[in-house]
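The values are calculated or read from the model by the stated rules, or taken from the named source; none is laboratory data. As the structure is a prediction and not an experimental result, all values here were calculated from the model. Backbone-built Cβ (ideal geometry, glycine too); neighbour counts: all protein chains shown. Remember, those area values only see protein heavy atoms, side chains included, never the ligands or the DNA or RNA. Shrake-Rupley method; radii C 1.70, N 1.55, O 1.52, S 1.80 Å.
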Amino acid sequence: MARLAYESLVFCVLFLLFVLFSFAAESEAKVHFHKWKVNYQTWAPDCVPVTIISINGEYPGPTIRAREGDTVVVQLENLMPTENVVIHWHGIRQIGTPWDDGTASMSQCAIFAGETYVYKFVVDRPGTYFYHGHYGLQRSAGFYGSLIVDAKGKEPFTYDGELSIVLNDWWHKSTYEQAVGLSSNPFVWVGEPQSLLIEGRGKFNCSATSKSCNATNTQCSPYVLPVQPGNTYRLRIASVASLSALNFLIQGHKMTVVEADGHYVEPFEVDNLDVYSGEAYSVLITANQNPSQNYWTGVNVRGREPTTPTGLAILNYLPNPLTKLPTAPSPTSPLWNDTKYSKALAKKFVALKGHEELPPLQSDRRLILLNTQNTINGYIKWAINNISLLPPATPYLAAMKYKIKGAYDTTPPPDVYSPRNYNISISPPNPNAIEGDGVYVFKSNSVVDVILQNANILKGNRSEIHPWHLHGHDFWILGYGEGVFNPAKDPANYNTVNPPMRNTVALFPFGWTAIRFKADNPGVWAFHCHLEAHFFMGMGVMFAEGIDKVGELPRAAMGCGLTKNKIHMHH
């Protein structure tokens, strides 16, 4: 009896200690509250004034900084009188909060003009992330900013200071005009960007335009990265580019890559770094050059014949004045069409030993997704396995959670493309495709392989680079290959030893990319090309898993499409 009482007492003490420790750990986590007003604003990022979408009058938007395990709350008020809005928190997996992923018609209803919506989510993993509009072409209108998550413990590298930049490409033509052109017959392409921006600043040649371009406007003075000679800095770099694959470099300085999309990689040194839209990196740089000089940091276009000048910022060796411009010419990147270089660089990324989870050795299901440019009733579209994604009026998450009939096509899209002997090296002989809104549904916790297969575009002998981004998950990059993926042979060459984990990956011209992920995050998630125009033209698919485990959806995330009529039945 006494022994039982003693055991009970020990249990009570241990339980109390557990509660206290849990409470202490819990109390460490903070809540970061942001109140944002989204509105139109006139701004001159490259010295030419245009209408942008700003947050609290700032461009780029305010930086969110939190610690691993913290909660971020953003109260977003849409003050734009003529359009809806949503924000996607790029790279944040939204575990337990799939309705706050910020994808219109997918995870939530768009936030209508005059409305307020509250996003609330946990940042569960340290790393370099960002946020951006995910409605129409709003990212292209300057609607983005940085989201940085600090690690709780020690990181596997050291540095003296930290710097952060977001890269972007920029047009003078409004996003509304661009969207109309993309959805017109005859088709009007957006064209190459006028400028490349580093942290929202660039320089257009004012003598080349009749617009009210003002080279002395402080909004377009070069962004400055201040460094103390001899110190090592962690430079966080992300790309929200709408079209361009970018290459980043710092004159006279080498960079050591240490993080990619919130995951540690085996450090390696580069002279320049390809940064595809949707990607984020940390590199270490040491201010070890002549301290009496300042140096250019540059960004150039890759993968498309560039007509856009180098985007420039200044690496400012203190205490040199900002006005001391670098004497050397602006830095040059590898040739735009040197894809061999880009592929070799992509293959250098491997997971840091002992810091990253390794992939399961087998998958339960494999999708082979053919990326093609097509026509539908004379309109130019992008399609995946011959289906161009056209999201429905009712968000998928609500439709699937509440089993709303008729909200989307319940016929699953094809796992592989047909005919299987499709010739990827020529223009499609039959370019017709269909529009669709079906969903790939995965068994909870199953392991899924996705093979992205590139092909020739509609006209001419060309295949484009597509950066693919997965919402709600990170994936392992198992490998890249040339030509047509061979299911019998190619998996034998997968890297399952130390593949990098990412949320965005490049699909190279006329080749394939293989990724693997666990369907372990209940929700409905977009997987799409991160180029604004391509996604707008249907280049994406929808993944769903564990819908029965999704909690009650907030009312504010619904109330559009069929949920308007059905919502009251469930509340």
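Considering each residue of segment 76-111, count those that are open to solvent by less than 20 Å² (accessible area, probe 1.4 Å), part of a strand (DSSP E or B) and of a type outside the set (V, I, T), and give that number.
7
For segment 530-549, what are the residues that are in a loop (DSSP other than H, G, I, E, B) and crowded, with 20+ Cβ neighbours inside 10 Å? Of everything in segment 530-549, those that are in a loop (DSSP other than H, G, I, E, B) and crowded, with 20+ Cβ neighbours inside 10 Å turn out to be H530, L531, M537, G538, M539.
Among the residues of segment 119-139, those identified as over 26 Å from S174 (Cα atoms) and touching a helix residue (DSSP H, G or I) at 6+ places or on another chain (Cβ under 7 Å) are Y119, K120, F121. Flag: L243 does not match the condition of being open to solvent by less than 40 Å² (accessible area, probe 1.4 Å), out of contact with any Phe, Trp or Tyr (no Cβ under 8 Å at 6 or more places or on another chain) and part of a strand (DSSP E or B). Of the numbered criteria (1) out of contact with any His (no Cβ under 6 Å at 6 or more places or on another chain); (2) open to solvent by less than 10 Å² (accessible area, probe 1.4 Å), the one S277 fails is (1). Taking segment 291-304 as the range and being in a loop (DSSP other than H, G, I, E, B) and either touching a residue at least 60 places away in the same chain (Cβ under 8 Å) or small (G, A, S) (or both) as the test, the residues that pass are P291, S292, G303, R304.
Starting from residues that are open to solvent by less than 10 Å² (accessible area, probe 1.4 Å) and not in a loop (DSSP other than H, G, I, E, B), keep the ones in segment 517-529 and report whichever is farthest from A241 (Cα to Cα).
G523
Being surrounded by 15 or more Cβ atoms within 10 Å (Cβ to Cβ), in contact with a Pro (Cβ under 7 Å, 6 or more places away or on another chain) and basic (K, R) is a property that does not hold for R139. Residue count for segment 443-472 under the criterion of being outside any loop (DSSP other than H, G, I, E, B) and open to solvent by 10 Å² or more (accessible area, probe 1.4 Å): the result is 1. Looking at the structure I just gave you, is G472 of a type in the set (G, A, S), under 23 Å from D274 (Cα atoms) and either at pLDDT below 95 or touching a Phe, Trp or Tyr at 6+ places or on another chain (Cβ under 8 Å) (or both)? Spelling it out, it is not the case that G472 is of a type in the set (G, A, S), under 23 Å from D274 (Cα atoms) and either at pLDDT below 95 or touching a Phe, Trp or Tyr at 6+ places or on another chain (Cβ under 8 Å) (or both). Among the residues of segment 310-325, those that are modelled with pLDDT of 95 or more and either surrounded by 11 or more Cβ atoms within 10 Å (Cβ to Cβ) or touching a strand residue (DSSP E or B) at 6+ places or on another chain (Cβ under 7 Å) (or both) comprise T310, G311, L312, A313, I314, L315, N316, Y317, L318, N320.
In segment 42-74, of all residues being of a type in the set (D, E) and assigned to a loop (DSSP other than H, G, I, E, B), the one that is surrounded by the fewest Cβ atoms within 10 Å (Cβ to Cβ) corresponds to E68. Identify all residues within segment 75-96 that are under 26 Å from A519 (Cβ atoms) and over 18 Å from the mean Cα position of the chain (by Cα); write none if there are none. Within segment 75-96, G96 is the sole residue that qualifies.
Considering only residues of segment 142-175 that are among the charged types (D, E, K, R) and under 20 Å from I250 (Cβ atoms), which is least open to solvent (accessible area, probe 1.4 Å)?
So, considering only residues that are among the charged types (D, E, K, R) and under 20 Å from I250 (Cβ atoms), the one least open to solvent (accessible area, probe 1.4 Å) is D169.
Every condition in (1) open to solvent by 40 Å² or more (accessible area, probe 1.4 Å); (2) part of a loop (DSSP other than H, G, I, E, B); (3) in contact (Cβ under 8 Å) with a residue 12 or more places away in the chain is met by P186 except one, and the failing one is (3). Might you check whether a residue that is within 21 Å of G102 (Cα to Cα), within 20 Å of the chain's Cα centre (by Cα) and surrounded by fewer than 22 Cβ atoms within 10 Å (Cβ to Cβ) occurs anywhere in segment 552-563? Scanning segment 552-563, I find no residue that is within 21 Å of G102 (Cα to Cα), within 20 Å of the chain's Cα centre (by Cα) and surrounded by fewer than 22 Cβ atoms within 10 Å (Cβ to Cβ), so the answer is no. Within segment 246-274, the only residue that satisfies the criterion of being open to solvent by 30 Å² or more (accessible area, probe 1.4 Å), part of a loop (DSSP other than H, G, I, E, B) and acidic (D, E) is D271. Under the condition of being open to solvent by 10 Å² or more (accessible area, probe 1.4 Å) and over 14 Å from the mean Cα position of the chain (by Cα), the residues counted in segment 118-134 number 6. Where strands (runs of 3 or more DSSP E) fall entirely within segment 330-416, those with at least 3 residues that are at pLDDT 95 or above and farther than 21 Å from H471 by Cα are at 365-376, 379-384.
Scanning segment 426-439 turns up one or more residues that are closer than 27 Å to D338 by Cβ, hydroxyl-bearing (S, T, Y) and assigned to a loop (DSSP other than H, G, I, E, B).
Of all residue pairs spaced 6 or more apart or on separate chains, those with beta-carbon atoms under 8 Å, a first member in segment 267-290 that is without any contact (Cβ under 8 Å) to a residue 60 or more places away in the chain and a second member that is charged (D, E, K, R) are E269/K254; D271/K254; V283/R234; I285/K254. Of all residues in segment 190-238, which are more than 19 Å from T323 (Cα to Cα), more than 24 Å from the chain's Cα centre (by Cα) and among the charged types (D, E, K, R)? K211, the sole residue that qualifies. Any idea how many residues of segment 280-300 are open to solvent by less than 10 Å² (accessible area, probe 1.4 Å), in contact with a Phe, Trp or Tyr (Cβ under 7 Å, 6 or more places away or on another chain) and farther than 14 Å from Y233 by Cβ? Within segment 280-300, residues that are open to solvent by less than 10 Å² (accessible area, probe 1.4 Å), in contact with a Phe, Trp or Tyr (Cβ under 7 Å, 6 or more places away or on another chain) and farther than 14 Å from Y233 by Cβ number 3.
Of the residues making up segment 441-461, those that are modelled with pLDDT of 95 or more, more than 18 Å from F485 (Cβ to Cβ) and not β-branched (V, I, T) are F442, K443, S444, N445, S446.
The single condition among (1) more than 20 Å from G511 (Cα to Cα); (2) assigned to a loop (DSSP other than H, G, I, E, B); (3) out of contact with any Pro (no Cβ under 8 Å at 6 or more places or on another chain) that L315 does not meet is (2).
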